[in-house]
1. Using 0.36 nm times the number of residues separating residue A:332 and residue A:301, minus their current alpha carbon distance, what extension gain do you get?
2. Going toward the positive end of the dipole of the protein assembly as shown, with +1 on Lys and Arg Cβ and -1 on Asp and Glu Cβ, which of A:80, A:252, B:177 do you reach last?
3. Using the number of other C-beta atoms within 10 angstrom as an exposure proxy, rank A:309, B:211, A:345 with the fewest first.
4. Label points 7 Å out from Cα along the Cβ direction at residue B:219 and residue B:101: separation in nm?
5. Once R0 is set to 41 Å, what does the formula 1/(1 + (r/R0)^6) return for the Cβ-Cβ distance between residue A:27 and residue A:287, expressed as a FRET efficiency to the nearest 0.05?
6. Work out, step by step, the length gained on full extension between residue A:223 and residue A:139: first 0.36 nm times the residue separation, then minus their alpha carbon distance; give nm to one decimal.
7. Residue farthest toward the positive end of the dipole of chain A, with Cβ of Lys/Arg at +1 and Asp/Glu at -1: which of A:156, A:25, A:230?
8. For residue A:58 and residue B:162, FRET efficiency with R0 = 30 Å and r from the beta-carbon atoms, rounded to 0.05?
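The numbers here are math on the coordinates, done by the rules we state, and not lab data. In this text the structure is predicted, and so the values were computed from the model without any measurement. No Cβ is skipped: glycine too gets one built from the backbone with ideal geometry, and neighbour counts run over all protein chains shown.
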Amino acid sequence: MEKEVIIRFDNVTKRYDSDTVVLDHVSFEIERGKFYTLLGPSGCGKTTILRLIAGFTEASEGDIYFNGKRINQVPANKRQVNTVFQDYALFPHLNVYENVAFGLRIKKVKQAEVDRRVKEALRFVNLSGYENREITEMSGGQRQRVAIARAIVNEPEVILLDEPLSALDLKLRTEMQYELRDLQKRLGITFIFVTHDQEEALAMSDEIFVLHEGRIEQSGTPTDIYDEPINRFVADFIGESNIVPGKMIKDFEVEFAGKVFECVDQGLNPNESVEVVIRPEDLEITSWDKGKIQVKVDSQLFRGVHYEMLCYDEAKNEWLVHSTKKAIVGEEIGLNFEPEAIHVMRLGETEEEFDKRLESYQEARHEQ
Amino acid sequence: MNSKTRLFYLLPYVLWIGLFVVTPILLVVYYSFFDLHGNFTFANYEKLFTFVYMKMIASSFWYAFLITVFCLLIAYPAAYFITKTKYKQLLLLLVILPSWINLLLKAYAFLGIFSTYGAANNFLEVVGIGAQQILFTDFSFVFVSVYIFIPFMLLPIFNALDKLNPALIDASRDLGASAWTTFRKVVFPLTLSGVKSGVQAVFIPALSLFMITRLIAGNRVITLGTAIEQHFLVTQDWGMGSAIAVFLIITMFVIMIVTGTRKRGIQ
Ligand SMILES: Nc1ncnc2c1ncn2[C@@H]1O[C@H](COP(=O)(O)OP(=O)(O)OP(=O)(O)O)[C@@H](O)[C@H]1O
Ligand SMILES: [Mg+2]
C-alpha cells in the first residue's frame, strides 16, 4: 500500500502564556490507516498535540495539515476527527444511548440507522443493555467505554484517544487493547493513541512517538524504539534498562565495567565516551567464572513470570537482571550476554544524526 | 454527631421558622376567613374571582413575566461573558454591588434620572428625540424592576455556567456541533437549574412588588403587592388583604414546584 499522509505537523510550537513553551518546534507525519502512539511522562504535551489536531486550541507557530490542506484556522466541528477525552467529557444530562448518539443526531442520521449504530458501538465496548443508564450511574471504567463508543460510532477518518484505557482493570484493559487494535484494522481508521504505559504502547502501535518536555525524542516502530533507544531518556522510559558509562575503543569494541567487549555498533570516534544499554532480560545468570561480568546479588523479587534481581559489580554499577532462574541474595554470580544485546548510545545525539549514522553503516555493509 | 446535639443545633432554626414563618402564615390564613366586622365568611375568596381582582392578578402576572424575561435576556449573556473573562470575581462584584444598596434609595435615584428635567430627558434632547414622559409609565416600571432584579437572576446563572466543565463544550464541537447547537444541546440544558433558580428569585418577588409601583409607576400599575398593602394600611380590610396574600403564597409554592429540580426522566 502506498503511504498516504493524513496529518502533518510542520514546526508546530505551542505556548500558553507568552513564555512557557509546551510544544517546541514539533514536526511529524501521520499516515492513513495506521495506529500511532504518543508516549511520554505526565505533562510532556501529549494532550496538547491531540487538542491541536482536534482544533480545541491553536498553534502559536507552525502549520498543521490535514489531507494536504492547512487546517490551523478550521473550527473543531468541521474536522474529520473524533476524540476520546482524558476525563471522558460525557454529557451528564443525557443517558448512555443519547451520549453515543450525539454525533449522529448532529449529522441528522435517520433514527433506524442511529439505533443500529449506537447498539453496535455499545456492543463493541461490552455495554449492551446499558442504553438507558444515566452517566452518573456508571463506574469510571464504564464511562471510559461510553466515551470510546461515542467516538467510534461516527467512523471519522482519525480517532484521537487520550489515555482511553487508564481506568480499566488489567483484564478488561488487555481485552480492550486487542479489540481496539482489531477495530482499527477492520475499519482502517487512523488512531492516535495517548498513553504513559509503555507496555501498552509497545503492544498496540504501528509507530510510537516518544515525547519529552514538548519535543519528540524518538519515533519509530515498537521494536526500533525498544532495541535502539537513541538516548538515556528513551531507554529509561521504554522498558527497564541498565545504562552504564562506557568508552567506544574502536568499531565493534566497547569498554565498560572495566572490561572490553565485542559489540555490533560502529561509526563512532575512537575512544569516544558513550552510554551502554543492556536490557535486564538479555542478561543471563551463570556461575562466577563463566560470566562476562561478575556481580553480587543485592536483592531479589518474584515478579510472576520471572525473578528480578538487583546486582552490583565491582565498579558499583547497578545491574538489573530478569531471569527465570533463581539466585541467592548475597551470592557472587556471573552475567552473560550476546554482543547483539549491547546497545551503544552517543551522548547528546539527535534522532536525525542517529538515523544518518545507521544509514551510513548500512551502506558500508552493502559495499562489503 | 448524635441526635441530641443535632437537635440542639437545629433549635434556633426551628424556633425562627416557627415564630416568623409558620405562625404568620397561619395567622394570614386565619384572618382571610373574616370580613370587616369580624364575621366568619368565604366572601374574601369569592371576591378574588371577580373581574376587578382577576384583572389585577392577570396584570401582576404579566408584569412579573415581563420583568423575568427581560432579566433573563440580559443576565444570561452577561453571566456567560463574565465567566469567560479573566476578572470574573471583580465583574461579578460590580454586578452584585447595587443589590446591597437600599431599594428605596435606588427608586428615588431613578425618580431624579427619569424626571422631566432629569438626565434621561437631557440625553434625549441632545440626541434630538426631545423630552418624553418617562416616569409613571409601564416602561419605567419594568425598566427599574429589571434593574433591581438582575443580580438575583445573574448570580445563579453565573454559578451554573462557572461549574460547567469546559471539556463538554469541546466534546460537543468535536462531535460536529456548531457553536449555536452546542449552546442549545449542551450549555443551556446544563445551566437550566441556574436559570430556574434565577426565575424563582425574580418572578416571585416581582409578583408582590409594591413600593416601585407607586414611586416609579405612579400607581398606574396595580399589582397584588400593592393591593395587599392598600387593604392592610388604607381600607383596613385585613380579611381581603389576607386572602390575596394566601393566594400569593399558593402561587409561590406552585412556581417552586414547577421550576424545582425534579429528577430527570429518560428523554
Ligand atoms: N490551558 C492551559 N494553560 C496553561 N498551561 C497548560 C494548559 N494546558 C496544559 N498546560 C501545560 O502544558 C503542559 C503539557 O500539558 P498536556 O496536557 O499536554 O500534558 P500531557 O502530556 O497530556 O500530560 P498527562 O499525561 O498528565 O495527561 C503541562 O505542563 C501543562 O501544565
Ligand atoms: Mg494528557
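1. Length gained between residue A:332 and residue A:301: 9.5 nm.
2. The residue sitting farthest along the positive end of the dipole is B:177.
3. So the ranking, lowest neighbour count to highest, is B:211, A:345, A:309.
4. 2.8 nm
5. Given R0 = 41 Å and the Cβ-Cβ separation, E is 0.20.
6. My answer for the length gained is 26.7 nm.
7. A:156
8. 0.80
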